[in-house]
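See below for the structure under consideration.
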Amino acid sequence: MRVLLDTHILLWAITEDKKFPAKADEIINNLANEIYYSSISIWEVAIKRLKHPDKVTNLPLQEFVSFCDDADFRELPFDERTYIRP
């Protein structure tokens, strides 16, 4: 199964937050699944940190990306041309 992870799921996984659902852990650790994260998640974390530095983890963006790479998550790049039809 192909799975695109939500930004919150990624953050909770990286920070080992108690909000991280057991079902998400099960899906992510199932080797039959292809796990993706959106490049938009990187931007979303950066924006959230700028707007609410007291509420969002102080996770460096490079650490966020490294975690995804180390976990063998595949980046799903954003390309507006994919979503715009002539």
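Side notes on the structure shown:
- Criterion (at pLDDT 90 or above and on the phi < 0 side of the Ramachandran plot) met by exactly one of Tyr83, Tyr36: Tyr36
- Residue match in the range 23-33 (condition: in a loop (DSSP other than H, G, I, E, B) and surrounded by 13 or more Cβ atoms within 10 Å (Cβ to Cβ)): yes
- Residue count for the range 34-56, restricted to those that are part of a loop (DSSP other than H, G, I, E, B) and either among the charged types (D, E, K, R) or loosely packed, with under 14 Cβ neighbours inside 10 Å (or both): 4.
- Evaluation of Ala71 against the conditions (1) modelled with pLDDT of 90 or more; (2) under 9 Å from the mean Cα position of the chain (by Cα) shows that the sole unmet condition is (2).
- Close pairs from the range 1-16: first within 11 Å of Tyr36 (Cα to Cα) and touching a residue at least 24 places away in the same chain (Cβ under 8 Å), partner among the aromatic types (Phe, Trp, Tyr) and buried (at least 18 other Cβ atoms within 10 Å of the Cβ), Cβ under 6 Å, at least 6 apart: Leu5/Tyr37; Leu10/Tyr37
The values are calculated or read from the model by the stated rules, or taken from the named source; none is laboratory data. Since this is a predicted model, take the numbers as computed values, not measurements. Neighbour counts are summed over all protein chains in view; Cβ atoms, including those assigned to glycine, are modelled from backbone coordinates with ideal geometry.
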